[in-house]
1. Tell me the helices (runs of 4 or more DSSP H) entirely within region 219-311 that contain at least 2 residues that are over 24 Å from Ser101 (Cβ atoms).
2. For region 88-104, which residues satisfy the criterion of being over 10 Å from the mean Cα position of the chain (by Cα) and in a strand (DSSP E or B)?
3. For the structure I just gave you, tell me whether Asp241 is in contact with a strand residue (DSSP E or B) (Cβ under 9 Å, 6 or more places away or on another chain) and of a type in the set (Asp, Glu).
4. Among residues belonging to region 123-163 that are hydroxyl-bearing (Ser, Thr, Tyr) and not in a helix (DSSP H, G or I), point out the one that is farthest from the chain's Cα centre (by Cα).
5. Scan region 192-218 for residues that are surrounded by 14 or more Cβ atoms within 10 Å (Cβ to Cβ), free of Cβ contacts under 8 Å to residues at least 24 places away in the same chain and assigned to a helix (DSSP H, G or I) and report the count.
6. Considering Gly171, Gly166, which residue is outside any helix (DSSP H, G or I), out of contact with any Asp or Glu (no Cβ under 6 Å at 6 or more places or on another chain) and open to solvent by less than 10 Å² (accessible area, probe 1.4 Å)?
7. Within region 174-191, restricting attention to residues that are without any contact (Cβ under 8 Å) to a residue 40 or more places away in the chain and within 14 Å of Ala87 (Cβ to Cβ), which residue is most open to solvent (accessible area, probe 1.4 Å)?
8. Mind listing whichever residues of region 330-371 are open to solvent by less than 20 Å² (accessible area, probe 1.4 Å), touching a Gly at 6+ places or on another chain (Cβ under 9 Å) and part of a helix (DSSP H, G or I)?
Amino acid sequence: MTVFTQKLATAIPAMLLCASLSGVTNMSYADTTNPNAPVSLVEKWDKTFPESTKVDHRKVTFQNRYGITLVGDLYIPKDRGERKLAAIAVSGPFGAVKEQSSGLYAQTLAEQGFVTLAFDPSYTGESGGSPRNVASPDINTEDFSAAVDFLGLQKEVDRDRIGLLGICGWGGMALNDAAMDTRVKAVATSVMYDMSRAMGHGVGDGKDRYSTKDRRAVLQYLNAQRWKDAENGTYAPGGHDINVDEKGNVSASDRVLPETLPANPHPVLKEFFDYYRMPRGFHTRSVNSTGAWNATMPLSFMNMPLLSYANEVTIPTLIVTGEKAHSRYFAEDAFKAIGSKEKELVIVPGANHVDLYDNVAGKIPFDKFEQFFKANLR
C-alpha cells in the first residue's frame, strides 16, 4: 500500500481514477466459454443514479473490430416520435462502469433529446475480453468507433449526427478517436486525462511528476513484473499510479484505492475515496471501488502516446474541467493541441475533479453539453 502512504503527500495519487471488475453477484451470466463474450447482462436497474421517467432504456451489445463484445446501456427520449435523432457515445471515467458517471451523463443527455449510449470498455465491467482489467490506448480508442458503428445502425439515429463524450481518462480516448474517425461530428470531454501522459510521466501538481530516470525505473519495474507473471502463469493485480521515491525505488499498491483512508489523506485521494468507496458512487464491478488493474497494464500507454494527432481534430470540440481539478492541466494542454477552429475550454468555478463525476455538488454543466451538441449535431 506504499502508494497511499503519506510519503506521497507531495505527489497527487492521480491514477486513482476509475475501473471495473468481472466478479459480481446477482447478475445474469452470458457465455463464459468465449473470452470475448460479455461477462454478464444485468437487466435490473443497478446504477448509482435514479432511473429517469423521461427516457426508454435497454441493455445492448455490440462488437468492436477485435471481436470483443461490448455491453452498453442505450437511452432514447420517450417523446421522440418518428424523428431520427442525433446520438452520443459516452464512456469513462477511466475504467469506470457504465452504471456510474457515464450512465448519468448519457441518461441526462437523453432527457435533452439525444439517443445516447453509455458502454463498458473492453476487458472491464460487463464487456468481454480476457484477461480482465486491462486498458489499451488502441483497443479502447477502437471501442468508441465500435459504439459509433452501433449507433449508426439504430433506426432512431441519424448516422450523420453522431458525437462522442469522454469522461476523465476516456476524454483522451474520445479525442484520440475524433482524430481518426471521420464519422464523428463533434466531441466533448469532462475533466479529461491524457492517460499516456499520466502513466508515462506521472501525474503531479499541475505538471508531470517523473524525471527521465524515474520513467526508466518504472519501465524496469513493470518489465520485471512481466517475468513474474510469465513464471506464475497469471497476471498480478496492481495499482496504476506507480511511485518512485528520492532514491529511485519503485513501488505500487496492490489495489487502486485502499480499504480505509489513512490519517490526514491527500485531498485527491479523499476525493476518489469518497466517491468510489462510499455509497455515493460505489459499484461492485468498478475496479476503483473493489480492486485493481492488471499490474503491467501501464506499459502500452507509456509506449504509445494518445493525442499524437490532436492537431488533426478539426471538428467542433468542447473541453470541460474544474477550476480546482488536479487534472486541469491535462485539459488545458489538450485544448491547446486540438486543431479545430471551433473549440471551447470551459472551466467550472469551484469544481474539483470528482465533482464532475456526478451531480452531488450541482456543478456538472449539463446545459453547456446540451447546447454544444445541439449546435454541432444539427
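1. Numbers: elements: 267-276, 287-290, 298-303.
Of the helices (runs of 4 or more DSSP H) lying wholly inside region 219-311, those with at least 2 residues that are over 24 Å from Ser101 (Cβ atoms) span 298-303.
2. Let us first name the residues in region 88-104 that are over 10 Å from the mean Cα position of the chain (by Cα), namely 88-89, 99-100, 103-104.
Passing the criteria: Ile88, Ala89.
3. Details: in contact with a strand residue (DSSP E or B) (Cβ under 9 Å, 6 or more places away or on another chain): yes; of a type in the set (Asp, Glu): yes.
Yes; evaluated as a whole, the condition is true for this residue.
4. Step one: filter region 123-163 for residues hydroxyl-bearing (Ser, Thr, Tyr), giving 123-124, 127, 130, 136, 141, 145.
Going one step further and asking which of them are not in a helix (DSSP H, G or I), we end up with 123-124, 127, 130, 136.
Values: Tyr123: 13, Thr124: 11, Ser127: 14, Ser130: 19, Ser136: 12 Å.
Result: Ser130.
5. Here is the first cut: in region 192-218, the ones surrounded by 14 or more Cβ atoms within 10 Å (Cβ to Cβ) are 192-204, 208-210, 214-215, 217-218.
Of the ones still in play, those that are also free of Cβ contacts under 8 Å to residues at least 24 places away in the same chain are 201, 208.
Now restrict to residues that are assigned to a helix (DSSP H, G or I): 201.
Going through region 192-218 one residue at a time, the tally reaches 1.
6. Sole residue among the options that is outside any helix (DSSP H, G or I), out of contact with any Asp or Glu (no Cβ under 6 Å at 6 or more places or on another chain) and open to solvent by less than 10 Å² (accessible area, probe 1.4 Å): Gly166.
7. Looking only at region 174-191, we keep the residues that are without any contact (Cβ under 8 Å) to a residue 40 or more places away in the chain, and these are 177, 181-183.
Okay, now just the ones that are also within 14 Å of Ala87 (Cβ to Cβ), so 181, 183.
Details: Asp181: 11, Arg183: 91 Å².
The residue in question is Arg183.
8. Once the filter is applied, which keeps residues that are open to solvent by less than 20 Å² (accessible area, probe 1.4 Å), touching a Gly at 6+ places or on another chain (Cβ under 9 Å) and part of a helix (DSSP H, G or I), region 330-371 yields Phe330, Ala331, Ala334, Val354, Leu356.
The values are calculated or read from the model by the stated rules, or taken from the named source; none is laboratory data. Remember, predicted model here, so these are calculated numbers, not experimental data. All Cβ positions, even for glycine, are placed from backbone atoms using ideal geometry, and neighbour counts span all protein chains on display. Please note that ligands, DNA and RNA were not included when accessible areas were found on the heavy atoms of the full protein model with its side chains. Shrake-Rupley method; radii C 1.70, N 1.55, O 1.52, S 1.80 Å.
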